[in-house]
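The values are calculated or read from the model by the stated rules, or taken from the named source; none is laboratory data. It should be emphasised that the depicted structure is a prediction, and the values quoted were computed from it without experimental measurement. Here Cβ is always computed from backbone atoms with ideal geometry, including for glycine, and neighbour counts include all displayed protein chains.
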Amino acid sequence: MTAVPGGASRDRWELGGYRAAVDERLAAWSRERAVERLWRTDPSLWPAAPAAEPADRLGWLSAPEVGTARADELRAFAEGVRADGVEHVVLLGMGGSSLASEVIARTLPRGRGAPALRVLDSTHPAAVRACQDACPPGRTLYVVSSKSGTTLEPNAFLRYFWAAAGGAAASRRFVAITDPGTPLEKLAKERGFRACFGGPPDVGGRYSALTVFGLVPAVLLGVDLDGLLADARAMAVRCREPQPGANPGLALGAALGELARAGRDKLVLLTSPGLRAFPAWTEQLVAESLGKIGKGIVPVAACRTPEQVPPSPDVTIAYLALDGETAPAVERDLAARASVGTPVLRFDVGSPVGLGAEFFRWEVAIAACGAVIGVDPFDQPDVEFAKELARTAMADAAAGARSLEAYGEPVPASGPAGDALRRWLASVRPRDYVAVQAFLAPTDATGSALGRLVDALRRRLGVVVTVGYGPRFLHSTGQLHKGGPPTGVFLQIVDEPATDLPVPEMALSFARILRAQARGDRTALESRQRRVYVANVAGAPEGGVARLAELVAG
């Protein structure tokens with residue numbers, strides 16, 4: 001077992017034959033004064049990026065200090081919310097505007113008397129209705145989170161719940177988090193929202209965990225904000241260490257980058273039980289930052305244990321654990337994987353507030369990794385392409401064309417798999433990855449069925465499998481799917497919503513939005529010559545997904 005350069009005393013990395021390449025990268029960065037250049041936002045670190053972009057996207061480097069300076073203000077706001085008897089906080093957001101909040105809510109203990117947090121990032125009518133039923137408007141605070149203030153999904157959620165809560169009479173039940181000068185900021189002022197928090201314009205969404213996008217929901221939950229930010233500040237200090245080999249962020253960036261350059265471009269994210277939510281945030285950071293111009297690292301958040309990781313020569317394992325949570329069987333399995341040459345990176349997170357340090361470490365690491373593999377880690381060119389195709393599909397729907405007619409191949413209730421599914425399965429090659437894209441309402445039953453489907457695909461095909469709910473994944477791994485390596489093979493799953501919900505003020509409905517997003521993404525994938533199969537699980541989605549798993553298993 002080898003101690004990791006730059007890591008905590010109990011962090012351990014087993015790099016095997018790849019250590020020499022990582023050490024060479026760190027030595028080169030030392031000669032090139034990479035750490036100093038990072039902190040002065042020198043764009044020459046990223047030759048693939050336009051010269052002005054890095055300087056405009058590195059504001060997150062000061063986020064722990066800025067957040068600490070605002071902590072008292074944020075706590076006073078949260079105390080006022082609790083004094084009004086709020087029992088539920090519904091976060092209406094997508095991707096970088098919501099993922100960190102969900103991780104914080106599922107990792108850190110909620111404060112006594114603090115409201116519960118529910119994140120709505122699905123446009124499926126059943127998901128919207130379930131959120132409304134679970135969180136009565138009279139006892140709910142709605143936090144609309146969107147950096148640009150123009151993102152379709154949060155804007156649709158806002159219009160729906162504004163009407164459901166009673167409109168202007170409920171204006172103090174609404175809060176906005178957005179960049180200064182956005183349409184959302186303007187709307188919040190016009191409608192008299194309780195508050196509007198301005199985000200830093202020089203921080204991209206996926207790097208915003210330690211800004212108001214993550215901290216406002218965190219303080220509403222009553223979590224240990226001081227501890228979270230203290231650990232983040234401590235990590236920021238360590239990431240200023242001028243020798244890259246002793247710098248936790250630069251060392252991790254060098255390792256991930258060199259492993260990817262050597263063909264280990266599938267990063268399987270495993271955690272101990274208390275950190276189960278962390279991979280979903282890391283997945284977006286890695287995929288959207290690095291998956292472009294045919295390059296990238298594929299983050300895999302669908303595995304829970306080392307034994308679920310395929311023994312493929314393209315895999316790296318990252319394992320993060322809280323103190324005392326690693327079972328002996330997991331230790332043995334990780335050691336066994338390392339013994340046969342799989343790189344295994346272990347991270348000792350300590351207590352739950354160590355999440356703040358990991359947010360910062362991974363942000364630095366992925367920015368640095370972009371320099372290694374030769375991409376701009378701050379743009380997302382293919383995300384807008386898919387959005388444009390979805391807008392086209394919605395315009396077609398509004399005109400009455402291809403609105404909600406049957407879409408995809410029905411999953412047969414009996415008999416063998418159809419020819420199209422068999423051809424799709426046969427197209428998967430070694431070193432590919434399969435991405436399951438579920439445009440379904442996220443429920444426990446559907447999640448369990450998707451887990452069985454992922455296991456069946458992994459066993460049959462011997463490759464890593466990712467899974468994401470649509471449209472959430474469009475703001476997370478969607479950039480990688482279209483812009484990254486052409487090794488993705490895509491299984492899109494749709495259903496036929498039993499009921500629809502109109503979106504006030506937008507002349508749309510949630511079912512039409514969802515179907516347009518599925519069609520738009522499929523068109524975007526196929527325009528990039530990706531292999532796509534669409535399965536329709538009309539009726540009971542969980543039953544249809546379970547049947548699909550049976551067909552895959554053969």
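Selection of region 9-39 for residues being at pLDDT 95 or above and either charged (D, E, K, R) or in contact with a Phe, Trp or Tyr (Cβ under 7 Å, 6 or more places away or on another chain) (or both) yields E14, R19, D23, E24, R25, R31, E32, R33, E36, R37.
Return yes or no: is L184 surrounded by 22 or more Cβ atoms within 10 Å (Cβ to Cβ) and more than 15 Å from L120 (Cα to Cα)?
Against the criterion (surrounded by 22 or more Cβ atoms within 10 Å (Cβ to Cβ) and more than 15 Å from L120 (Cα to Cα)), L184 qualifies.
Residue by residue, here is whether (1) in contact with a Leu (Cβ under 8 Å, 6 or more places away or on another chain); (2) surrounded by fewer than 23 Cβ atoms within 10 Å (Cβ to Cβ); (3) outside any strand (DSSP E or B); (4) not assigned by TED's automatic domain parsing to the domain that holds G167 holds:
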| position | (1), (2), (3), (4) |
| --- | --- |
| M506 | no, yes, yes, yes |
| L514 | no, no, yes, yes |
| Q517 | yes, no, yes, yes |
| G520 | yes, yes, yes, yes |
| T523 | yes, yes, yes, yes |
| V532 | yes, yes, no, yes |
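Does E496 satisfy the condition of being of a type outside the set (A, V, I, L, M) and more than 25 Å from S289 (Cα to Cα)?
Details: of a type outside the set (A, V, I, L, M): yes; more than 25 Å from S289 (Cα to Cα): yes.
So E496 fits the description; yes.
Please specify each residue of region 418-436 satisfying the condition of being surrounded by fewer than 17 Cβ atoms within 10 Å (Cβ to Cβ) and over 16 Å from Q492 (Cα atoms). Of everything in region 418-436, those that are surrounded by fewer than 17 Cβ atoms within 10 Å (Cβ to Cβ) and over 16 Å from Q492 (Cα atoms) turn out to be D419, A426, R429, P430, R431.
Residues checked against (1) under 22 Å from I513 (Cβ atoms); (2) outside the structural domain of H475 (by TED's automatic domain parsing); (3) surrounded by fewer than 23 Cβ atoms within 10 Å (Cβ to Cβ):
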{"position": "A114", "(1), (2), (3)": "no, yes, yes"}
{"position": "R118", "(1), (2), (3)": "yes, yes, yes"}
{"position": "D133", "(1), (2), (3)": "yes, yes, yes"}
{"position": "V144", "(1), (2), (3)": "yes, yes, no"}
{"position": "N155", "(1), (2), (3)": "yes, yes, yes"}
{"position": "R194", "(1), (2), (3)": "no, yes, yes"}
{"position": "P200", "(1), (2), (3)": "no, yes, yes"}
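Among the residues of region 187-199, those identified as part of a loop (DSSP other than H, G, I, E, B) and farther than 24 Å from R472 by Cβ are G192, F193, R194. A Cβ distance below 7 Å, combined with a sequence gap of six or more or placement on separate chains, defines the contacts here; from region 486-502, residues that are assigned by TED's automatic domain parsing to the domain that holds P471 and assigned to a loop (DSSP other than H, G, I, E, B) reach residues that are surrounded by 22 or more Cβ atoms within 10 Å (Cβ to Cβ) and of a type in the set (F, W, Y) in the pairs T487/Y433; D500/F510; L501/Y160; L501/F510.
Mind checking whether some residue in region 437-453 is under 17 Å from V315 (Cα atoms), surrounded by 22 or more Cβ atoms within 10 Å (Cβ to Cβ) and under 19 Å from the mean Cα position of the chain (by Cα)? Write out each step before concluding.
Start the filter on region 437-453 by keeping residues that are under 17 Å from V315 (Cα atoms), which leaves none.
Within region 437-453, not a single residue is under 17 Å from V315 (Cα atoms), surrounded by 22 or more Cβ atoms within 10 Å (Cβ to Cβ) and under 19 Å from the mean Cα position of the chain (by Cα).
Restricted to region 168-181, and to residues that are part of a strand (DSSP E or B) and in contact with a strand residue (DSSP E or B) (Cβ under 6 Å, 6 or more places away or on another chain), which residue is surrounded by the most Cβ atoms within 10 Å (Cβ to Cβ)? Applying the filter and picking the extreme gives I177. Screening E283 with (1) in contact with a helix residue (DSSP H, G or I) (Cβ under 7 Å, 6 or more places away or on another chain); (2) crowded, with 22+ Cβ neighbours inside 10 Å gives one miss only, at (1). Tell me, please, whether a residue that is polar (S, T, N, Q) and touching a Phe, Trp or Tyr at 6+ places or on another chain (Cβ under 7 Å) can be found in region 147-167. No, there is no match, as no residue in region 147-167 is polar (S, T, N, Q) and touching a Phe, Trp or Tyr at 6+ places or on another chain (Cβ under 7 Å).
Hey, can you tell me all the residues within region 209-258 that are part of a helix (DSSP H, G or I), surrounded by fewer than 21 Cβ atoms within 10 Å (Cβ to Cβ) and touching a residue at least 12 places away in the same chain (Cβ under 8 Å)? Matches in region 209-258: D226, G227, A230, R233, A234, R238, G245, A246.
Any idea which residue in region 18-59 is nearest to A262 (Cα to Cα), counting only those that are aromatic (F, W, Y) and outside any loop (DSSP other than H, G, I, E, B)?
Of all residues in region 18-59, those aromatic (F, W, Y) come to 18, 29, 39, 46.
After this cut, where a residue has to be outside any loop (DSSP other than H, G, I, E, B) as well, the list is 18, 29, 39.
Details: Y18: 8, W29: 19, W39: 28 Å.
Among residues in region 18-59 that are aromatic (F, W, Y) and outside any loop (DSSP other than H, G, I, E, B), the one nearest to A262 (Cα to Cα) is Y18.
Would you check which residues across region 534-554 are touching a strand residue (DSSP E or B) at 6+ places or on another chain (Cβ under 7 Å) and either closer than 22 Å to A395 by Cβ or part of a helix (DSSP H, G or I) (or both) and list them? Selection gives V534, V545, L548.
Just one of the listed residues (A301, A336) is among the small types (G, A, S) and farther than 24 Å from R429 by Cα, and it is A336.
Counting only helices (runs of 4 or more DSSP H) that sit wholly inside region 98-167, those with at least 2 residues that are under 20 Å from V503 (Cβ atoms) and either at pLDDT 95 or above or of a type in the set (F, W, Y) (or both) are 125-134, 152-165. Checking T477, T466 one by one, the residue that is crowded, with 24+ Cβ neighbours inside 10 Å, in contact with a helix residue (DSSP H, G or I) (Cβ under 7 Å, 6 or more places away or on another chain) and among the hydroxyl-bearing types (S, T, Y) is T477 and no other. Applying a threshold of 8 Å to beta carbon distances and a minimum spacing of six or more residues, or different chains, the list of pairs starting in region 525-554 at a residue that is acidic (D, E) and ending at one that is buried (at least 17 other Cβ atoms within 10 Å of the Cβ) and not in a helix (DSSP H, G or I) reads E526/V532.
Considering region 54-65 alone, what residues qualify as being among the charged types (D, E, K, R) and either within 24 Å of L184 (Cα to Cα) or without any contact (Cβ under 8 Å) to a residue 40 or more places away in the chain (or both)?
Quick first cut of region 54-65, residues among the charged types (D, E, K, R) only: 56-57, 65.
D56, R57 - these are the residues of region 54-65 that are among the charged types (D, E, K, R) and either within 24 Å of L184 (Cα to Cα) or without any contact (Cβ under 8 Å) to a residue 40 or more places away in the chain (or both).
Does region 66-86 contain at least one residue that is closer than 25 Å to T443 by Cβ, in contact (Cβ under 8 Å) with a residue 24 or more places away in the chain and not small (G, A, S)?
Narrowing region 66-86 to residues closer than 25 Å to T443 by Cβ: none.
No, there is no match, as no residue in region 66-86 is closer than 25 Å to T443 by Cβ, in contact (Cβ under 8 Å) with a residue 24 or more places away in the chain and not small (G, A, S).
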